[in-house]
Each structure stands twice: as structure tokens, then as C-alpha cells.
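Participant: Pasting in a structure now, in C-alpha cells, and then I'll have a few things to ask.
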Amino acid sequence: MVFKKLGLAITFSPNAKALLKTAKRLQELFSAQLCLIHVGDKNKSTEAQLFSLLDDVGIDENKYEMVWQNGDPSKVIIDTCSAKGVDLLIAGALEKESMLKYYIGSVARTIMREAECSVLILTKPTEEQKPFQEFFVLVEYSEVGENAVRKAYQFALLENAKELGLIKEIQTPGLAITISDGSSTQETEKRRTDWQYEEELKLRVFAKEMKLGNINLKTVCLYGKQGWESSNYVKQNGGEIFVVPSPTKKLKLFDRIFQHDLEFIIKQIPCALLIIKEKYN
Amino acid sequence: MSLSSLEIIYFLLSIGVILLFGRGIGELFRNIKQPIIIGEIIAGIFLGPTILGSISPSLYNYLFNYSPQVNIAFNGFNLLALVLLMLVLGLEIDLSLALSQGKAASLISVFGVIIPFTLGFAVSYLFPTSLGITDVSMKLPFSLFIGTALSITALPVVAKTLMDLNLFKTDIGLTIITSAMFNDLIGWIVFSLIIGMLGHTLHPMEFHWLIISIISFVSIVLLIGRKLINYVIPKLEKVTSYPGGIINFIFVLGLLSAVITEYIGIHAIFGAFIMGIAIGDSVHLKEDTREIIQQFVTNIFAPIFFVSIGLKINFITNFDLLLVIIFLSLSVAGKMLGSLLGARLGGIKKENSIIIGLGLNVHGAIEIILGTIALQNNLIQERVFVALVIMALTTSITSAPLMNYFLKRSRKFLSFVKLVKSENVFFTNAKTKSEVIKELCNKISIYHKLSNEKLLEEVLTREELISTGLEKHLAIPHAKVNIPNPLVAVAIHKDGIEFDSLDGLPAKLIILLITPQNDPELQLKLLAEISRMLGDKERIDKLINSGNATEFVSNLNQLS
């Protein structure tokens, strides 16, 4: 089972219906339970609004659990997911926030950084439901990284996806400065080409070790700033969902100021973003 | 006032001679795998009062001391060289890298600066006269300077050493680079404070104003300037010719920033360095642009600066062995202790901590730049400067060989070929795949005192997932277990054995690869290395046809 219990942060925004439809589709796809979380007052009016929305989408009342709670939205959502054992939280988010909001941290961005479970962020949810076809996953050679690849693969198989792209980023900070110590440009270029070849080979061995045989697989090694390069590549190559392992450290304000890795992706989300949190079991 | 025709001739001639000798001797050093700047500094010693000035004072004076005007012109050119050198050094400092690294790298970065700094500061504060202070009233800036000089790391030498030792892409390499970058940043901030304290600037400041100025400048450039530059670079690339437009933009910004810091009473080079960091952080700055700038500055401007160091000082009369020994001892003790402490607290093994300590104990060009400015500001005597230069050169020369020595002792960094030992190579007549795997596990467990059952279980579990029988008679069964270093055993089956291979051929060369559980990338690296090395049938056949284990190891070494 890819995910056992889905959570959806539900609001009465224009995207609410589209997000509910996606949650319903994924609930059926994963044969999972669904937990709806609304941050705000529970009264007759809001209840009526919610039931009408659920009716429209066609979610059976026996197939979900509803949580109403007041408080700081991101904290309530994150705490509820932990308390209810949600392993995939679905939420909507803007592709890019205003600069101030990005640094202060919006609800969606805070969830991406701080939720303990995996998070699926949809930047352009639509009411018309179509399976994701173009999957990309950011490869990291770690336990969380292996889990992200495995989840992406299982998800892609369920969606009957056209392609799964494995992206590995290579970064060699300080390579250019070796020129000042006597290296020639040919020498650094040759070294870079060798590393690229070695990384491509490693990535192919990794794919083989992970046994990802039943899908059209593509492997790509990108040279440059981590997070930034992959995010651009996914966007330029028509990625529909980008699966990334979560960083081992909690992202803080300093990581937003001096962006790296996931922060580059969070700042400008290239397509639907799935952040995998837990290690592979 | 302008230069006369003769002055122009001698000015240009001196630059030409500097470039010629700097490059020439630099290339000699490059050929023996030593940093090129060592050759440049030696060229300066050769052309300066130490050698040429003693042999032929008139020729030395014609070339490098023709008239006060020529000296002023030369000093101006030299200052420009230094500013541009600091700009390109800043370009390669990646602040986000430190944030993306784990606990160990952060601890090493912090302790690698604090311990040598404290040691240098304390000793020079307690014994300023023994360490060559010029004016005892300047004890505080002098001690701060010695502390900084001992804690700073030369990023270019570090980067080149890592490249030569093939450590660039390893965890240790990344930790060393991150720490070196952090050391540089902290070192230059402290140094700008020292220069401000000396008060030889346009606007001498009270100490608290000095600190406020430095913090404000760094914050504005790194927080706001950095974002603006990142926004402007792609726009500029569209409207200017590439790469000329961008290179011009970088130099203009670097000079502008240098002007600002000089004006507010810090040193010009600090402005160039901080602006370099802000520009280098841009995701839009292409790698080839960085390299063009590096080539331009390091081949034309850097030699002028490094050669000129020896042009004004006599390295023989100012040589003080005791001072050299004190500086070297403090530097080695401080850096090694700081790095070891950081590495150990960060959970890095002892032998790898030593490699990190040695990697960071390289002072090189950065310390020489610091020393030059301290000398120009009368903070240190010439004999202190000479001792610092010798320390910088010694640590630059010894770092790579010492690291290499400890690398050989740490099996983690060995290539596949180096991991294969003749005692773990054998010929077999096993009847089945599981039988040969059992023999291989047995071999490894005997030599490395591992539990045979556990090892066998792990390898067979992995084998059940997907067969490791490859093509052309090669099979690489493998597993990850709880061991510190990778292990290899090799079995040769002359007739071949059924191994569910991809091409259906029986396996004749069976390589068992066991790697540490906590390092998944190492397994991939070694598997990729074996696949690349044994990609064609002829190579595999050569190994299979080896007469004995020793011949096998020798054949394998020939293939690498």
C-alpha cells in the first residue's frame, strides 16, 4: 500500500472542490482512509457548506473522518495529522508566494517544511480528474531517498504513468577555484565529464538495485545547484508530479534566506509536489 | 604628473618580467603537483632583494625600484590585482552549502576556526614580544591578527588537493570544502575589524561603530544585494553580449563594493570579497563564466601580487627559525585539535577526522594576503611576515601527501582494485550458485571476523530480489551489512556456473562485494566502478585466465 491514510486540509476556497475530488480519487487509488481537517468554527452554516461540498464531490459519509478545530491553521493541521496517523497530507498551494509571505511562511509552506507525514501539494488542482502521467523523482542515496523512489514507482504504476524520470543532481562546490591553483579548464572539464559519467552509471545501477522494471524509466544527472536544477528540469520537461525526499534537517528561516535543496523547489513549485518524509520499511 | 617614456618602459618591463618568471617557476611547481602560487612566491624571492638584489643591485633597482612614480604605478596595479583576487575568491564561497550540511560539518567549521584562533590569540596576547609585535600598544589587534592568520584556510589549495586526491565528491571532501569556506568568511570579517582598529583609514572609527559598519555592510550585501544580483544577471544576459557583459558587471560591482568598504574605513579587499560571495551565490551565474573570470584573474593579476611579495623583502635576513617553528606548531596544533574535536563530536571516525584536520590545515594564499596587509599597516614586522609566508608554503606543500597517507589507511576511500587482496581470491569447483556464494562469504568472514551465517543470509536475501548474474561470465553478488569498511572476495570458476545471468551464460568470475549498511552510495560507487572496468569480454577473460591469485591481482591492477 503506497499510503494508508490521507489527510486533506479543507477550506471553503475556490479550489476546495477540486482538492476534494483529488483526495477522493487518490483515496480510491490507494484504497486508503480519508481524514478531512477544517480549521475554524463548527456551526450550522459551516457544516451545511461542507456537506454540500461533499455531496457535490460524491464522497460517501462513511468513507471519511471529519476533524473541526480552531487555532493556528498550520499547527492544527500538522498536529491533527500526527494524532490521526495520517501518512499523506494533501493541500493546495500557490506556485509562488509573495516575497514577504515566503519568508514569513504561509500555511502551505509551513506544512511542507514541518509536517511529520508525507505531503502532496497541488498548485493547480482541477475538478476534472486525470491520473498523473509524467512522474519525476529526485534521487538521494539514503534510506529516505530510497523510500521516495519506491513510493514514486508504486504511485506511478497505479496511475499507469507514461514515464518515471529519476533525477540525480551533482554539485561540486569550489571546482572552478581549482583553476587558480594550477588546474586548466580542460582538466576541470574532463573531471566534470568523468564525474557525470560515473554518476550516470551509479544512477543506472541504483535503478537496477531498486528493481523498477515495469515502467518506462528515464535517468537524468544534472550538474548545478541542488534543488534549483531539478526543479527547472521538471518544469521544462512537462513533469506533472515531482517526488522529493524530505531533508534530514528541519528547514528554518536561514534556509529560506540562503536557499538550498528543497527550499528552491518550495519557493517556486514546478508542478504537483510530493514530499516523502519517512524511511523505507 | 605622468610617467616619462623611460618610466613607462621600466614599469611595463617589470610587469612582463614578473609574469614571465611567475608563470615559468609556477609551471615547474605545477608539474611536480605543487600549488602554482608557491612557484610565484619563489619567483618573487628570486627577483627581489633576497637573490637578484644581492647579486646585481643595479638590475634589481632598474626593474623594480626605478623611480617613486613607477613604484606608485606598480602599487596601484598591485592593489587592483589584490581586489580582483579577493573578488574571485568570494565567488566560490557558497553559504547555502554550510546550511545544507549536517551536524558534523557545522561542528568542524566552528571548532576549526575557534580553537586555532583562540590558541593564536592567547599565545600572542601573552607573549607579544616573542612573536614579533611592532608596537606593544597594538597588542589587541596584533593578537587578533595572529589568531586569524592561524585559523584561516586557503580554499584554492584545499579545492585542488581534494581534486587531486579524488575526494571532491565524497562526504569528507564536502565537509572540508564547507569548513574552508566558513573559515574564510569568518577570517575576513575578523580581519576587517583589525584593519579598522588600526585607524589608518579615511574615517577612523570607534570600536562599536566599526562593528556596526561591518555588520551593516555584510548584511546589506548578502541579504539584499545578493537577491538583486540574482534578479539582474538573467536580464543582463539577454541584453548584453555573453560573457563580456556579465564579466564586466561582476568586476564593476566588485570594484564598487571595494570603494564603499575603503571609504567607510574597513579595507577595500573586504568589500570585493563580500561582493564576490553575493555574486557567486546566484543560480544564474554559469560555471563557464566563473572559470573565465578565474582564468583572467589568476593568470594575469594573481601572479603580480604573489611575485611582488618577494620583491620588497629579504627572506634570508628576515628569516627567524624560532618564529617559524612557533607558528607552525600553533597552526598544526590548533587546526588539528579544532577539526578533530568538531569531527569527533559530529560522530566522524578518528582516521577520517585526521584527514579533515590535515585538509583544513592549509593556509596558502589567503594567509599571505592577510600578512601583506598587516605588514603594510605596520602591524607586524618583516620577520613575522616571512615566518607566516613560510608557514603558508609548508602547510600547502605537506597537506596533500599527509592526507594521502591517512587516506590509504582508511579503506573507505579505496577503489575496487585496491580492495582486492590476493588472500581473498580463490579458484573454485562449486556446483551451485549458493555453494559459491557460501564459499565467498566464508572467505570474507574468516579474514574479517564476521558472522558467516549473518553474511550469507544478507547476500542470499539480496540475491532473491534480483539475480546479480550479469553478462559475459561476470556475477557480482553483494549486500550491505553492519561493517565500517567495504570488503571484497573473488571466486574464479574455470568451467562456469549457472547464475541466472542476463545473457544466460554461466558465471566464471564471481565477485562478492560487501559494503557498510550506513553508506548506500558506496555500494553504488563500487558496483559502477566494477561495471565500468569490466565492461568488455576481453578484460573479463584476462582475469578468468589468471594462473593464480597473485597473477589475478596483478592483471586487475593492469586493467585499472
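Participant: Can you flag which of A:Lys151/B:Lys169; A:Lys75/B:Lys335; A:Lys267/B:Lys169; A:Lys151/B:Lys160; B:Lys438/B:Lys525 are past 32 Å Cα-Cα?
Facilitator: From A:Lys151/B:Lys169; A:Lys75/B:Lys335; A:Lys267/B:Lys169; A:Lys151/B:Lys160; B:Lys438/B:Lys525, over 32 Å: A:Lys75/B:Lys335; A:Lys151/B:Lys160.
Participant: Taking the Cα centre of region A:97-225 as the origin and placing charges on Cβ (Lys, Arg +1; Asp, Glu -1), which of A:Ala156, A:Thr193, A:Thr126 is farthest toward the positive end of the dipole?
Facilitator: Going by the charge dipole, the pick is A:Thr126.
Participant: Give me A:Glu140, A:Glu61, B:Glu463 ranked fewest to most by other Cβ atoms within 10 Å of their Cβ, as a rough exposure proxy.
Facilitator: By the 10 Å Cβ count, ascending: A:Glu61, B:Glu463, A:Glu140.
Participant: To the nearest whole number, what is the average tally of beta carbon atoms from other chains within 10 Å of the beta carbons of peptide B:156-166?
Facilitator: Mean partner shielding for this stretch: 5.
Participant: Using +1 on the beta carbon of Lys and Arg, -1 on that of Asp and Glu, and nothing else charged, what's the dipole of region B:168-242 about the Cα centre, debye to 20?
Facilitator: Charge dipole of region B:168-242: 360 debye, to the nearest 20.
Participant: Skipping prolines and chain starts, which residues have an amide H placed within reach, meaning under 5 Å, of the one on B:His478, given they are 5 or more residues away or on another chain?
Facilitator: Here the answer is B:Leu513, since their amide H atoms fall under 5 Å of that of B:His478.
Participant: In deg cm²/dmol and to the nearest 500, what is the mean residue ellipticity at 222 nm of chain B if only DSSP H runs of at least 4 residues count, each as -39500 (n - 2.57), divided by the residue total?
Facilitator: After summing the helix terms and dividing by residue count, I get -22000 deg cm²/dmol.
Participant: Here is a follow-up. For chain B, give the share of DSSP beta bridges that are antiparallel, in percent and rounded to the nearest 5; count only bridges with both residues there.
Facilitator: Among the beta bridges of chain B, antiparallel pairing accounts for roughly 50 percent.
Participant: Given H placed on each backbone N at 1.01 Å, which residues far from A:Cys221 in sequence or on other chains put an amide H within less than 5 Å of it?
Facilitator: Long-range HN contacts for A:Cys221: A:Lys168.
Participant: Counting only DSSP beta bridges with both residues in region B:433-560, what percent are antiparallel, rounded to the nearest 5?
Facilitator: 55
Participant: Can you spot the aspartates and glutamates whose alpha carbon is less than 12 Å from B:Lys408's alpha carbon? Ignore those fewer than 8 places along the same chain.
Facilitator: B:Glu351
Participant: Okay, moving on. Order by neighbour count: A:Trp228, A:Trp68, fewest other Cβ atoms within 10 Å first, most last.
Facilitator: Exposure proxy ranking, most exposed first: A:Trp68, A:Trp228.
Participant: If you don't mind, there's one more thing I want to ask. I'd like to know which of B:Ser151, B:Ser130, B:Phe74 lies farthest towards the positive end of the charge dipole of region B:74-189, counting +1 on Cβ of Lys and Arg and -1 on Cβ of Asp and Glu.
Facilitator: The residue sitting most towards the positive pole is B:Ser130.
Participant: Roughly how many Å is it from the Cα centre of region B:59-88 to that of region B:196-274, as a whole number?
Facilitator: Here the two parts' Cα centres lie 23 Å apart.
Participant: Mind checking which of A:Pro247, A:Pro14, A:Pro270 has the largest fluctuation in a GNM of chain A, springs on alpha carbons under 10 Å?
Facilitator: Largest GNM mean-square fluctuation: A:Pro14.
Participant: For the residue pair B:Ile247 and A:Ser31, what label-to-label distance in nm results when each label sits 7 Å from Cα along the Cα-to-beta-carbon direction?
Facilitator: Here the answer is 6.4 nm between the modelled labels.
Participant: Still on this structure, please answer the following. Quickly work out the B:Asn404-to-B:Glu435 label distance, labels modelled 7 Å from Cα along the C-beta direction, and quote it in nm with one decimal.
Facilitator: 4.6
Participant: Still on this model: Name the long-range amide H neighbours of A:Glu163: under 5 Å, sequence gap of 5 or more, or other chain; modelled H, no Pro or chain starts.
Facilitator: A:Phe135
Participant: From the C-alpha coordinates alone, can you work out the Kirkwood hydrodynamic radius of chain A, in Å?
Facilitator: Every distinct Cα pair counted, the radius reaches 20.0 Å.
Participant: Let me ask something else about it. Greater than 31 Å separation of Cα atoms is the criterion. Which listed pairs, A:Lys130/B:Lys480; A:Lys208/B:Lys235; B:Lys349/B:Lys431; A:Lys96/A:Lys218, meet it?
Facilitator: In this structure, A:Lys130/B:Lys480; A:Lys208/B:Lys235; B:Lys349/B:Lys431 exceed 31 Å between Cα atoms.
Participant: Still on this structure: Among A:Lys252, A:Lys130, A:Lys21, which one moves the most in a GNM of chain A with springs linking Cα atoms closer than 10 Å?
Facilitator: Highest fluctuation of the listed residues: A:Lys130.
Participant: Would region B:255-301 count as rounded, prolate or oblate if I go by the C-alpha gyration tensor, calling it rounded below 1.5 in a/c and otherwise prolate when a/b exceeds b/c, oblate otherwise?
Facilitator: Note, shape of region B:255-301 comes out oblate.
Participant: Over chain B, what relative contact order in percent results from Cα pairs under 8 Å that are six or more residues apart?
Facilitator: About 17 percent, as a whole number.
Participant: Further, regarding this structure: Rounded to the nearest 0.05, what FRET efficiency is calculated for B:Ala122 and B:Val239 with R0 set to 56 Å and r the Cβ-Cβ distance?
Facilitator: With a Förster radius of 56 Å, E is 0.55.
Participant: Please arrange B:Leu91, A:Leu273 by how many other C-beta atoms lie within 10 Å of their C-beta, fewest to most.
Facilitator: Least crowded to most crowded, the residues run A:Leu273, B:Leu91.
Participant: Say we join alpha carbon atoms closer than 10 Å with springs in a Gaussian network model of chain A; which of A:Lys235, A:Lys249, A:Lys151 then has the biggest fluctuation?
Facilitator: Comparing A:Lys235, A:Lys249, A:Lys151 in the GNM, the peak value goes to A:Lys249.
Participant: For region B:282-381, calculate the relative contact order in percent as a whole number, restricting contacts to Cα pairs under 8 Å that are 6 or more residues apart.
Facilitator: For region B:282-381, the relative contact order is 18 percent.
Participant: Got a sec? Charge dipole of region B:401-481, +1 on Cβ for Lys and Arg, -1 for Asp and Glu; which of B:Phe426, B:Gly469, B:Leu407 is way out at the positive end?
Facilitator: B:Leu407
Participant: Spelling out what I want: for every residue of region A:35-42, take phi, set θ = phi - 60°, compute 6.51 cos²θ - 1.76 cosθ + 1.60 (Karplus), and round to whole Hz; glycine and proline get x.
Facilitator: 3J(HN,Hα) across region A:35-42, in whole Hz: 10, 9, 10, 10, 8, x, 6, 9.
Participant: Then there's this: Count the DSSP beta bridges whose two residues both fall in the protein assembly as shown, then state the antiparallel fraction as a percent rounded to the nearest 5.
Facilitator: 20
Participant: Would you mind working out the magnitude of the charge dipole of region B:304-386 relative to its Cα centre, with +1 at each Lys and Arg C-beta and -1 at each Asp and Glu C-beta, to the nearest 20 Debye?
Facilitator: The calculation lands at about 260 debye.
Participant: Just how many % of Cα pairs in chain B lie over 29 Å apart, if you round to the nearest whole percent?
Facilitator: Looking at chain B, the distances longer than 29 Å represent 61 percent of pairs.
Participant: On to the next question. Could you give the dipole magnitude of region A:155-240 about its Cα centre, charging the beta-carbon of Lys and Arg +1 and that of Asp and Glu -1, in debye to the nearest 20?
Facilitator: Rounded to the nearest 20 debye, it is 200 debye.
Values in this text are rule-based calculations from the coordinates and carry no lab data. Model, not experiment: these values are computed from the prediction. When we count neighbours, we look across all protein chains shown, and the Cβ atoms used for this are built from the backbone with ideal geometry, even at glycine.
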